[in-house]
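What follows is a short report on a single structure.
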4 protein chains.
Amino acid sequence: MNQFGKIFRLTAFGESHGPAIGGVIDGVPAGMRIDTGAVQAQLDRRRPGQSVLTTARNEADRVEFLSGFLDGITLGTPIGFIIRNTDHRSADYSAMAEIYRPNHADYTYEAKYGIREVRGGGRASARATASFVVAGAIARQALETLGIEIFSEVKSVGGISGNIGELEAAIAAAKCDGDSVGGVVECTVSGVPAGLGEPLGDKLQVMLAQAMLSINAVKGFEYGDGFAAADMHGREAADEFYYDTEGVVRTRTNHSGGIQGGISNGEDIVFRVAFKPVPTIAKTLKTVDRKGAEVELAAKGRHDPCVVFRAMPIVEAMAAMVIFDAVLLNRSARF
Amino acid sequence: MNQFGKIFRLTAFGESHGPAIGGVIDGVPAGMRIDTGAVQAQLDRRRPGQSVLTTARNEADRVEFLSGFLDGITLGTPIGFIIRNTDHRSADYSAMAEIYRPNHADYTYEAKYGIREVRGGGRASARATASFVVAGAIARQALETLGIEIFSEVKSVGGISGNIGELEAAIAAAKCDGDSVGGVVECTVSGVPAGLGEPLGDKLQVMLAQAMLSINAVKGFEYGDGFAAADMHGREAADEFYYDTEGVVRTRTNHSGGIQGGISNGEDIVFRVAFKPVPTIAKTLKTVDRKGAEVELAAKGRHDPCVVFRAMPIVEAMAAMVIFDAVLLNRSARF
Amino acid sequence: MNQFGKIFRLTAFGESHGPAIGGVIDGVPAGMRIDTGAVQAQLDRRRPGQSVLTTARNEADRVEFLSGFLDGITLGTPIGFIIRNTDHRSADYSAMAEIYRPNHADYTYEAKYGIREVRGGGRASARATASFVVAGAIARQALETLGIEIFSEVKSVGGISGNIGELEAAIAAAKCDGDSVGGVVECTVSGVPAGLGEPLGDKLQVMLAQAMLSINAVKGFEYGDGFAAADMHGREAADEFYYDTEGVVRTRTNHSGGIQGGISNGEDIVFRVAFKPVPTIAKTLKTVDRKGAEVELAAKGRHDPCVVFRAMPIVEAMAAMVIFDAVLLNRSARF
Amino acid sequence: MNQFGKIFRLTAFGESHGPAIGGVIDGVPAGMRIDTGAVQAQLDRRRPGQSVLTTARNEADRVEFLSGFLDGITLGTPIGFIIRNTDHRSADYSAMAEIYRPNHADYTYEAKYGIREVRGGGRASARATASFVVAGAIARQALETLGIEIFSEVKSVGGISGNIGELEAAIAAAKCDGDSVGGVVECTVSGVPAGLGEPLGDKLQVMLAQAMLSINAVKGFEYGDGFAAADMHGREAADEFYYDTEGVVRTRTNHSGGIQGGISNGEDIVFRVAFKPVPTIAKTLKTVDRKGAEVELAAKGRHDPCVVFRAMPIVEAMAAMVIFDAVLLNRSARF
């Protein structure tokens, strides 16, 4: 099922080189103000071709809304939207029809379905995440009204941490070399009230992990201390409680990443997402074709050497959908 | 919702110190042979009190099946089961009613629901995972018939890798010190056919992450190269394809962890789960009570210094549920 | 899936002659007061053997609650419950193993699953509705707190309308004759606020129809004017609006049965459910066995000649689950 | 939630006078051949303006497919589609903004959401059923490949049964009188194998009832003998089994309507759907406005006097979705 969310639910569709991608956002409460310009702005953040470091393809993604609000106010009915695919240079991909690209979804889609759309990776293309960004931008506007903010940053690129300049240098070096690099995005959600998350099936970290692992190229998710917690002793990891000056229960540290027992505790929610290096590289790789032969393959043309900067709005969008869904689910927590 | 799975679906219930925990396993195909002894054996693996290193509490978990099979063959109807809670020493917990234990779910449950079961952590207790083990053991029996095997091992404890003896020594040292340690469990699923996983909503890694993050004390999930992939270049991470002697498409390496584009590729599925150190330790910690006062707390009595060895059957059970669910979902992939 | 409800969700299990039937009620808000005696009282209403007109079998259904509330207050966690099956006179049913009873589920269960529990109809037994009654009784208590009342009555038996005495006479006549009769139950839900129901997927009438058609022996559902509306002209069916003395929008008539456009309008919700005559009758019927032979069959022993009086608490229970679920779903209607 | 189906699932969107209506069809197996012309043909059957008896509005619904198949073969990915709304004569509806039309959804939508789209009834418009027809047409093509056929007919109009001419005369008379009439549509599904339907949550009659009650103006659903069964004795209602010449278990009569115990038995599935008279009539009705005043209202312009003929393709479409979904669900029935 191409769906995310329990109440605030995105059902998405679309192949990379079909007529359009898009989706239906159901469960949007009535009476919310929608700023379509802000949605488009999030979509623009995801777009490639914004710097020399990202691919030069100009996708010009324009979201078209088809239903669900009137004069900028939601009706309580589903929001349908589409984004036309305008850059159909199918000729670039024709040679790919018979070959399984390493570390792509070519082989697995064909193994599963017995058929695949070869142009641009079809449904497996990262282009599908544009629909996530649209739905996330709607959720984000709701969260902002509630005082909940989402922020992300690139923590490392190819193992290198540092300022933006140092990270960009690492990417540029990889690009120069016809190679690509992975990276880690950290996301922080602030202003989340205590009480969000539905144990045991929909713990807040479960909903977040589900959302993040749905993003192309993601290989890992951790929250709070994450994998580092596995190396720690209990004394190092304790988040002691105290009452702040307003009488609110707080923790002095945030090893928990804002979630305890699957439920938010009022601290910042902090999690990290690991992205693998883009598999499309200039180096010649060995692979196979559909007919049983072994072949060699080297990618030509434009490709992102690193996706983490473009991934930030996607990570934030998925986080926004999760947190807003948790807000709505939580409305049934008490009689 | 206390549910896991789309077709093979567990709905679980139960507080640590109520009359019983249990669940309903729906979506079990008819005609499967159930070995109840093998289910009990998995449950016994989870049980504490099996070595000096784990807590001495003798839970004596006995699963009682109430429906869904006849003479060991499933009927296609839901399998109901319960596990009675026999060790109700409620007096041990009475002092906890007014205090929020650090890094436990005491505060968050109360923030969410306005009420909580204080005895043994109630629904937030790791005891709830016994129901996962029962359902997972059923799924596992189905998978074994299909030639799919699940195996797990402890990769590290408190940052120390090594043989069982070295890992146990690290745990013993922490216990001696009144402390606890975290650890990493790696799980491998072999014999998985190519084609499992439902993009984009239920990618196989999404289903696994969802399952693993549902386990108590888990802080992170990664598959294949995981977070290490974020530090790599594309050339290092490529899984080149080849045809094996039986004409099956294989990869020479398994950076992908057996999943590409959200779908299994026929290689071993490999993932790792990070467990934080148990929060209940002998050290005195600062915390607060419900009435606004700051208090100090030190755990008394028996407590596991490390959960990773007991967590292995739980990780395997969750993996079994996911993979079997993916097998059933995949039956609709083609017309 | 053996499930009912979106937020307030029952997952049920159990064969008629297995160890127990039962279920898990998820999505119960925390802080609700549960009167277990009132639940048992609803269960007693469903029980056979309460008059000379219903079967003499003494099922003595006792519900045992296993989780989800403490001192009569819900915890926000799932409520697990079981009802032991005590009347295992399996010998009565042994002859049935090879024969498909007409108008029962014997043949269809076997056609679907390749296996069936022959004793008492297994999962297809009306006994399974006892779990519905338990969950419905919990929902009903919540609704009563909200001022919502549910009432049902038998409108006709075997085509005869009249007072209780006349209806009972019709049933007694059928019983005397070794025959059975069908009937219609009408259910009214009063005090429902305007606004319940989720178009288009979960219109209130859809949720009710789904619930009612799940009850054994039900052949039809209608609300408001129902099938009679199909015979009417628009002028006869109009529910004109007016403002009552408290300034509330009301309708002068209730052809709509309290639902317009899938959403409650504040009037009484009125619907009717058609029950077929019980298929187990003394008359000799022709049927087949599993091996290809045609055989004759006449039911022996005790059987209800008419289910509609016992069906009333079941209809009410299902209605209660639906309406309470709609109340909870409606909490997300507005921002 | 604006969704239908468990595996073959339609998520629909769209207001009557917004830019477009449409939907996403998920769970479509790969490798199915799609005839888009046949989809359009079903859509054309639903369209008004086809005879003097139906409204003259020319909607010219053209479905545009956006994803999910390639060269007419499904990819296993979701099928997105839209139908542009072209006939935006909003001026016709401006006077309606302050008034609640009797027997429409105006008041209930506003009671629920606090806002409503007044033009053409918004989401409550029967226009939304065009999306059902598209998804149903896809399902129908799959069913035809499996030898399953769906057929419907109008059984009565305003209480009058007869041939097409007599039914049309009844409608013409109502139209002449500025009035409208209800009617009953009977639908038959032939070629259904025994074994479809998922007790107890998704009995086949439950799935059908859910689908049919989702259609605008539907007030009742019955299958097999339906409400007439409530008036019958057990001896009249028995479907005796026999073996046909091919050794298949059959019933001599079909009181059951092809479903026993929630599962298809291989006979024709037969059900009836009751439609109320269209509420928009020329007669002056009393109603209220939003500000507390009582007003009078008489519909002007074109309106269908009876929807049952246009409803036939919608009933068939919903039936097709249900049956195909049941086929896919049934793939998990056995191990």
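Out of the residues in segment A:265-289 meeting the condition of being more than 7 Å from chain B (Cβ to nearest Cβ) and within 21 Å of the chain's Cα centre (by Cα), tell me which one is surrounded by the most Cβ atoms within 10 Å (Cβ to Cβ). Let's see the steps before the verdict.
Filtering segment A:265-289 down to residues more than 7 Å from chain B (Cβ to nearest Cβ) leaves A:266-273, A:280, A:282, A:284, A:289.
Filter once more, keeping what is within 21 Å of the chain's Cα centre (by Cα): A:268-273, A:280.
On the way: A:D268: 15, A:I269: 30, A:V270: 21, A:F271: 27, A:R272: 24, A:V273: 32, A:T280: 23.
The qualifying residue surrounded by the most Cβ atoms within 10 Å (Cβ to Cβ) is A:V273.
Go through segment C:94-111 and report how many residues are buried (at least 24 other Cβ atoms within 10 Å of the Cβ), of a type outside the set (A, V, I, L, M) and under 24 Å from the mean Cα position of the chain (by Cα).
So the count comes out to 6.
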Scan segment A:143-164 and tell me whether some residue there is in a helix (DSSP H, G or I) and surrounded by 23 or more Cβ atoms within 10 Å (Cβ to Cβ). no
Scan segment A:1-44 for residues that are of a type outside the set (A, V, I, L, M), closer than 15 Å to D:D26 by Cα and assigned to a loop (DSSP other than H, G, I, E, B) and jot them down. A:N2, A:G14, A:E15
With the first residue restricted to segment C:92-114 and required to be over 16 Å from D:A238 (Cβ atoms) and within 7 Å of chain D (Cβ to nearest Cβ), and the second required to be of a type in the set (V, I, T) and crowded, with 22+ Cβ neighbours inside 10 Å, Cβ contacts under 6 Å at 6 or more apart or on different chains are C:K112/D:I263
Looking only at residues that are surrounded by 14 or more Cβ atoms within 10 Å (Cβ to Cβ) and out of contact with any Asp or Glu (no Cβ under 9 Å at 6 or more places or on another chain) in segment C:244-264, which one is nearest to C:L200 (Cα to Cα)? C:S264
Going by what's in this entry, would B:G114 be described as surrounded by fewer than 19 Cβ atoms within 10 Å (Cβ to Cβ) and more than 30 Å from D:G195 (Cβ to Cβ)? yes
Can you run down the residue pairs with Cβ atoms below 6 Å, 6 or more apart or on separate chains, where the first is in segment C:204-220 and touching a residue at least 60 places away in the same chain (Cβ under 8 Å) and the partner is polar (S, T, N, Q)? C:L204/C:S264; C:Q210/D:Q210
I'd like the full set of residues that are more than 7 Å from chain D (Cβ to nearest Cβ) and either surrounded by 24 or more Cβ atoms within 10 Å (Cβ to Cβ) or under 12 Å from the mean Cα position of the chain (by Cα) (or both), limited to segment C:194-228. C:L196, C:G197, C:L204, C:M207, C:L208, C:A211, C:M212, C:I215, C:N216, C:A217, C:V218
Qualifying strands (runs of 3 or more DSSP E) (wholly inside segment D:233-320; at least 3 residues being of a type in the set (A, V, I, L, M, F, W, C)): D:269-275
Please go through segment C:45-63 and give me each residue that is in a loop (DSSP other than H, G, I, E, B), modelled with pLDDT of 80 or more and either over 18 Å from the mean Cα position of the chain (by Cα) or of a type in the set (A, V, I, L, M) (or both), ordered by number. C:R62
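When you go through C:S125, C:S156, C:S131 one by one, which is the residue that is touching a residue at least 60 places away in the same chain (Cβ under 8 Å), within 17 Å of C:M212 (Cβ to Cβ) and of a type in the set (G, A, S)? Can you show your working first?
Working: C:S125 fails: within 17 Å of C:M212 (Cβ to Cβ); C:S156 fails: touching a residue at least 60 places away in the same chain (Cβ under 8 Å).
Only one candidate passes the filter, namely C:S131.
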Could you list, in sequence order, the residues of segment B:281-302 that are among the β-branched types (V, I, T) and either touching a Leu at 6+ places or on another chain (Cβ under 9 Å) or closer than 21 Å to A:Y243 by Cα (or both)? B:T284, B:T287, B:V288, B:V295
Of everything in segment A:102-131, what is within 22 Å of A:L10 (Cβ to Cβ), in a helix (DSSP H, G or I) and out of contact with any strand residue (DSSP E or B) (no Cβ under 7 Å at 6 or more places or on another chain)? Give them in sequence order. A:G120, A:G121, A:G122, A:R123, A:A124, A:A126, A:T129
Would you call A:E236 facing chain B (nearest Cβ under 7 Å), surrounded by fewer than 24 Cβ atoms within 10 Å (Cβ to Cβ) and modelled with pLDDT under 95? no
Of all residues in segment D:64-85, count the ones that are assigned to a strand (DSSP E or B), of a type outside the set (A, V, I, L, M) and over 20 Å from D:P19 (Cβ atoms). 2
I'm trying to understand the selection: among the residues of segment D:20-41, which are among the aliphatic types (A, V, I, L, M) and under 23 Å from D:T86 (Cβ atoms)? D:A20, D:I21, D:V24, D:I25, D:A38, D:V39, D:A41
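Hey, can you tell me all the residues within segment A:168-180 that are in contact with a Lys or Arg (Cβ under 9 Å, 6 or more places away or on another chain) and either modelled with pLDDT of 95 or more or facing another protein chain (nearest Cβ under 7 Å) (or both)? Walk me through it before giving the result.
Restricting attention to segment A:168-180, the residues satisfying the condition of being in contact with a Lys or Arg (Cβ under 9 Å, 6 or more places away or on another chain) are A:177-180.
A:D179, A:S180, listed by residue number.
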Taking D:V322, is it buried (at least 24 other Cβ atoms within 10 Å of the Cβ), touching a residue at least 24 places away in the same chain (Cβ under 8 Å), among the β-branched types (V, I, T) and closer than 26 Å to D:A174 by Cβ? no
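Residue under question is C:A172, and the condition is that it be of a type in the set (A, V, I, L, M), surrounded by fewer than 20 Cβ atoms within 10 Å (Cβ to Cβ) and in contact (Cβ under 8 Å) with a residue 12 or more places away in the chain; does it hold?
On the way: of a type in the set (A, V, I, L, M): yes; surrounded by fewer than 20 Cβ atoms within 10 Å (Cβ to Cβ): yes; in contact (Cβ under 8 Å) with a residue 12 or more places away in the chain: yes.
Yes; evaluated as a whole, the condition is true for this residue.
The values are calculated or read from the model by the stated rules, or taken from the named source; none is laboratory data. Treat the numbers as computed from the prediction; the structure is a model and nothing was measured. Every residue, glycine among them, receives a Cβ derived from its backbone with ideal geometry; neighbour counts consider all protein chains shown.
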